[in-house]
Amino acid sequence: MAEFVVGPIMEKIINACADYLEDQVGGQTSMKKELESLRENHPKIQAIVFAANQAQICDQNPAFNKWIWQLRDAIDEADDVLDEFEYMKHKEQLTKNTEETKKRKVTSFIFEIPRKIFKIGERVLKMDPNLKRLEEAVQKLDKVSADVTTFLHLLDSAKQEQKEQEVDFYKTRETGYLPKHVLIGRRKEKELLMEWLRNPSNEHRGSDLYRNISLLSIMGHGGMGKTTLLQHVYKDEITKDFDRKMWVCVSNNFDVKKVIADMFECLKNERPRLETLVALQRLLDEEVMSKKFLLVLDDIWEEDEEKDKSKWEDVLAPLASGGFGSKILVTTRTDSVALMFAKVIKKKKEIVKLEGLEEDECLQLLNSHAFDGVENPDDHKRLRAIAGEIVKKLSGSPLAAKVIGGVLNSLDLDERRWRTVLESNLLGQNSIDSILRLSYVVLSNPLKSCFAFCGMFAHDHEFDKDDLIRMWIALGFIKPFLDQEESMEDIGGRYFDVLVKKSFFEKFDKVYENSSYYKMHDLLHELAQLVSIQECLRVKDSIKLPSIIPGTLRHLSVQTTDLDILRRIGKFKHLHSLFLFNKGSNRDLCGALTEIFKACRSLRLLYVFAKDLEKILEEIGNLIHLRYLKIDDYNLTRLPRSLSNLYHLQYIIFYSNWLMPWINTNQFKVDFLPSDINNLSNLRYGKLPGCYMSSICGIGKLKFLQELDMFHPRDESGYRIGELENMNDLCKLGITYFENVKDAEEACSAKLCSKRRLKDLNLCWCNANSWNIHLDENVLDNLQPPNCLRNLSISHYMGARCAIWMNNVNPIYNLEKIELVRCLECETLPPFGQLPFLKSLSLYNMPKVKWLESKFNGNDKYRAFPLLELLDIYCLTALEDWFEAGVAAEDGRLFPCLIELSIRDCPKLKELPSLPPMLRELPNLLPSLKRLVIWSCHPELHERYREDGGSDRQKIAHIPDIRIDP
């Protein structure tokens with residue numbers, strides 16, 4: 001059973017109901033006795049539930065397990081009723097919001113203390129039918145709670161020391177990670193693989209279809225480091241001998257066309273749009289024909305041997321045209337997969353089997369994680385001795401060493417707590433599963449819930465960090481702290497980072513999208529499924545729903561077109577999350593959704609992936625507890641009017657391809673959004689097709705909103721820039737069409753400086769026919785952001801000078817990225833060189849700028865651009881030099897950290913950044929530079945650095961990527 005935290009929710013129920021009784025004058029008091037009983041049993045329940053969570057009592061005592069779920073059902077039911085009270089309060093507030101009161105600030109109630117929740121007024125409370133439900137829920141909860149005495153004897157089996165194993169989340173040190181490219185151990189296996197790659201196949205080539213291809217399978221249990229080993233081989237210099245390289249992560253339930261498309265994408269850096277197997281095979285065949293290729297097929301599972309063999313024949317067929325010496329490397333857990341592949345390409349089975357690491361290697365790996373961020377780890381001899389004893393119980397598993405090392409690292413060098421890990425019974429079982437379970441047991445309560453929920457997702461799922469955190473918040477796993485200003489998203493981010501640090505997640509980069517995603521290792525995913533087995537269920541295709549106790553299920557994922565299965569979803573009354581994947585007919589799905597929306601009223605999270613669901617049914621208005629709604633259907637043309645009644649909604653995400661983001665507001669379908677969608681005052685994040693967020697009238701009512709990518713101010717009530725005034729939780733903001741802002745005073749009403757969480761700001765002027773230089777300057781002057789800003793982009797600004805606040809370093813002190821685009825009249829730049837954290841500077845199409853730094857900035861000496869890594873300059877046709885005459889960098893320190901320099905269309909620029917005076921004799925220019933681009937600059941600049949012997953060519957010889965337009 002996943003971690004069950006009973007304390008906070010029971011306390012909320014007891015206090016809220018007590019406040020209700022206190023507020024009643026001559027009203028009902030039938031709950032008083034039950035509440036007194038609940039208060040008395042509350043500590044006992046907390047103790048027994050804690051013991052159950054720590055010692056897995058539920059697994060050993062069916063009667064106790066049944067009681068726990070009865071208790072949970074009663075608590076959830078009472079919590080639903082309280083949630084409905086909050087809903088009704090919001091509804092009443094909207095009803096009272098007449099024309100006279102609309103100007104008043106609407107206070108949020110979502111985090112109010114329970115007393116305020118119930119002070120709605122005696123009349124409303126007495127008439128509310130939910131009151132009877134609340135009394136019934138409290139009576140039920142009291143009845144179940146009374147049985148706690150039956151199980152108090154189980155407390156003796158839970159040791160007090162186990163409580164001390166809990167990792168205090170807030171004491172976790174934020175230290176750096178072990179470099180991913182350090183390979184500990186596996187030297188022998190790596191040398192074997194290198195030798196295999198180096199040599200052509202010894203087999204007789206003959207006339208077989210795959211005569212030019214060799215196959216080698218890397219086999220080992222989960223966590224043995226198969227993938228890590230191949231990652232180091234794949235990036236080794238020896239692989240440069242291959243004409244083509246492909247890396248594909250396969251996993252279970254693989255799709256033939258997806259694997260072929262993944263191969264093609266590796267080769268061409270773009271996803272093929274073709275859909276038929278024949279077309280995809282032809283594309284891949286053309287790319288590898290007569291080319292010596294290396295293909296890694298990582299993480300292959302076995303399901304149905306004959307079916308899999310047929311599918312792999314389709315995948316590998318286009319590779320038969322590859323050149324002599326081509327190689328395929330496969331990783332798998334099973335010998336049968338290696339044998340199946342050998343049969344497909346008619347080769348002898350060749351296997352490299354990974355066993356556990358040697359003890360000294362395993363200890364080295366564990367220590368690298370356990371002492372990560374610790375100064376002088378050799379000083380901690382007792383801890384290192386304990387680590388040596390722990391390693392003897394890890395069976396040489398690299399994954400176990402990493403995970404347990406992460407656990408030890410979080411225990412603050414406390415010898416007693418390290419010894420607790422050593423003496424744990426779980427470790428004594430000498431089982432990888434037990435070791436990994438220990439890593440779960442010592443997590444804090446919120447982290448246990450967050451981790452267990454990940455068992456809902458498919459094996460090898462690519463997790464989006466931000467989206468997963470939103471789900472955690474919607475399901476109540478993350479609570480705000482009254483004495484801290486952190487947002488729930490910030491808290492969730494710290495939870496996630498701890499799980500990454502402990503190796504529960506591993507980060508991967510999407511090279512071509514400049515983004516990242518996370519995955520769980522197979523064993524950790526299996527652990528998540530194990531600890532959430534009663535709460536989480538995934539159903540695929542026509543598999544029947546199991547005979548699971550309906551009351552225990554909280555999270556359900558269904559991928560099917562079977563109407564019978566869809567209709568049976570409604571029997572799970574206590575569902576908190578539902579993931580529905582359906583590619584069937586629109587009519588069948590609509591009918592099933594109608595039943596689901598009527599039955600599953602406790603849903604907090606709903607994700608629907610459909611093929612052609614043109615609309616979401618109005619019955620979704622029944623889901624008044626909903627916090628997270630995600631619809632992935634590219635044919636969606638209209639949102640239901642009842643959506644604006646889901647007052648608890650925090651996150652709405654819709655995907656559609658019929659409206660692209662660059663289409664302007666005038667082309668919107670006017671009825672796509674409900675007219676009163678601004679009722680959703682608890683909304684924290686919205687992703688809608690095109691510019692629909694900007695089309696919301698009175699968007700200022702959504703004052704908890706955190707991202708607004710494209711706001712279009714208009715001279716119309718409900719759309720003026722003043723709507724931003726109270727939206728102080730914004731972290732990301734884009735404003736365009738500034739020509740619609742009539743004067744500086746109106747610009748000031750946005751109060752950007754008050755938005756203390758704002759990190760990204762994009763300001764854009766659009767209509768060239770209405771430019772007013774002085775107005776632009778005055779407007780920008782009054783858009784000063786807070787000094788927490790990290791990224792700033794300004795485009796199509798027509799002022800002759802930059803804003804006053806930009807010429808003072810303090811307001812923009814923390815900037816890390818700046819982009820100025822098509823600021824045609826701007827003559828001087830702000831003192832960007834003084835910004836201590838600036839890493840990226842892009843200047844595009846600014847034809848009047850002569851210098852990057854000028855006397856106008858009022859500083860003649862400074863350390864210029866101390867952390868700048870990327871400088872991209874395009875179409876600065878007046879740029880003559882880096883500094884105006886008389887301005888010099890302190891000690892000549894200009895761009896000390898620059899990695900990438902791109903200069904294009906700067907016809908007057910004659911020099912690259914000059915060397916510091918005392919280093920003139922050294923050959924290297926900008927020693928940290930890795931990439932240099934020079935196009936269409938002054939002929940003298942091209943002449944000095946041309947490839948065929950320019951006078952200063954040797955100064956840039958160290959740069960690996962040089963592109964100079966001849």
Scalar couplings 3J(HN,Hα) for the range 736-753 by Karplus 6.51 cos²θ - 1.76 cosθ + 1.60 (θ = phi - 60°), nearest whole Hz, x for Gly and Pro, are 10, 6, 5, 5, 7, 8, 6, 7, 5, 4, 5, 4, 5, 5, 5, 6, 4, 5
Calc'd 3J(HN,Hα), the range 804-813, phi into Karplus 6.51 cos²θ - 1.76 cosθ + 1.60 (θ = phi - 60°), Hz, glycine/Pro = x, comes to 4, 5, 7, 8, 10, 5, 4, x, 10, 4
With a Förster distance of 22 angstrom and the Cβ-Cβ distance between LYS309 and ASP208, calculated FRET efficiency to the nearest 0.05 equals 0.85
Heads up, the range 572-650 by the C-alpha gyration tensor (a ≥ b ≥ c square roots of eigenvalues; a/c under 1.5 rounded, else a/b over b/c prolate, else oblate) looks prolate
One quarter of the C-alpha convex hull surface, i.e. the mean projected area of the range 279-351 in nm², amounts to 4.9 nm²
So LYS33 and GLU359, fully extended at 0.36 nm per residue minus their Cα-Cα distance, gain in nm 111.2 nm
Highest mean packing first, using Cβ neighbours within 10 angstrom, the peptides 279-290, 362-373 sort as 362-373, 279-290
Trypsin sites (Lys or Arg not before Pro) in the range 216-273 lying in a DSSP loop, each with at most 15 other Cβ atoms within 10 Å of its Cβ, come to LYS235, ARG273
Residue span THR561 to SER936: 0.36 nm per residue of separation minus Cα-Cα distance leaves a gain in nm of 129.1 nm
Over all Cα pairs of the range 722-793, the Kirkwood radius sets Rh, and Rg/Rh then becomes 0.96
FRET efficiency for GLN954 and ASN791 from the Cβ-Cβ distance with R0 = 51 Å, rounded to 0.05, comes out at 0.85
Between GLU286 and LYS850, the two model label points (7 Å from Cα along the beta-carbon direction) sit apart by a distance in nm of 5.4 nm
Links exceeding 21 Å between C-alpha atoms in this model, out of LYS226/LYS465; LYS465/LYS701; LYS465/LYS510; LYS89/LYS143; LYS448/LYS540, come to LYS226/LYS465; LYS465/LYS701; LYS89/LYS143; LYS448/LYS540
Taking a ≥ b ≥ c as the square roots of the eigenvalues of the Cα gyration tensor, with a/c under 1.5 meaning rounded and otherwise prolate when a/b exceeds b/c and oblate if not, the range 701-836 is oblate
Length gained, LEU277-LYS479, 0.36 nm per residue minus C-alpha separation, equals 67.9 nm
Sorted by chain and then number, the residues having a modelled amide H within less than 5 Å of the amide H of CYS937, at least 5 places away or on another chain, are ASP905, CYS906
In debye to the nearest 20, the charge dipole size for the range 756-849, taken about the Cα centre with +1 at each Lys and Arg Cβ and -1 at each Asp and Glu Cβ, equals 380 debye
Going residue by residue through the range 487-492, the Karplus relation 6.51 cos²θ - 1.76 cosθ + 1.60 with θ = phi - 60° gives ³J(HN,Hα) values, rounded to whole Hz and with x marking Gly or Pro, of 7, 5, 5, 5, 4, x
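Sorted by average packing, counted as other Cβ atoms within 10 angstrom per residue and highest first, what order do 745-757, 184-196 take?
Ranked by mean Cβ neighbours within 10 Å, highest first: 745-757, 184-196.
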ARG946 and GLU526 label points (each 7 Å along its Cα→Cβ direction) are spaced in nm at 6.5 nm
Output ordering of 471-477, 217-223 (per-residue mean of other Cβ within 10 Å, highest first) is 471-477, 217-223
For LYS291, the residues 5 or more places away or on another chain with a placed amide H closer than 5 Å to its own amide H are GLY323
Between the modelled labels at ASP335 and LYS742 (7 Å from Cα along Cα→Cβ) the distance in nm is 8.4 nm
Among GLY718, PRO785, ASN807, the residue whose Cα sits farthest towards the positive end of the charge dipole of the range 680-823, when +1 is placed on the Cβ of each Lys and Arg and -1 on the Cβ of each Asp and Glu, is PRO785
To the nearest 0.05, the calculated FRET efficiency linking LYS240 and THR594 through their beta-carbon distance, R0 being 41 Å, is 0.10
For the table LYS257/LYS349; LYS353/LYS393; LYS140/LYS687; LYS235/LYS583; LYS12/LYS732; LYS258/LYS571, the rows whose alpha-carbon distance is greater than 30 Å are LYS140/LYS687; LYS235/LYS583; LYS12/LYS732; LYS258/LYS571
Excluding ligands, DNA and RNA, the carbon-plus-sulfur percentage of the accessible area of the range 499-541 with a 1.4 Å probe reads 46 percent
Listed by chain and number, the residues whose amide H is under 5 Å from that of LEU580, excluding neighbours fewer than 5 places away on the same chain and using placed H, are VAL558, TYR607, VAL608, PHE609
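The values are calculated or read from the model by the stated rules, or taken from the named source; none is laboratory data. Note that the structure is predicted; figures quoted are calculated from it, not measured. Methodologically, a virtual Cβ is constructed for each residue, glycine included, from the backbone with ideal geometry; neighbour enumeration extends over all protein chains shown. Each accessible area value is taken on the protein alone, full model and side chains, heavy atoms only, with ligands, DNA and RNA left out. Shrake-Rupley method; radii C 1.70, N 1.55, O 1.52, S 1.80 Å.
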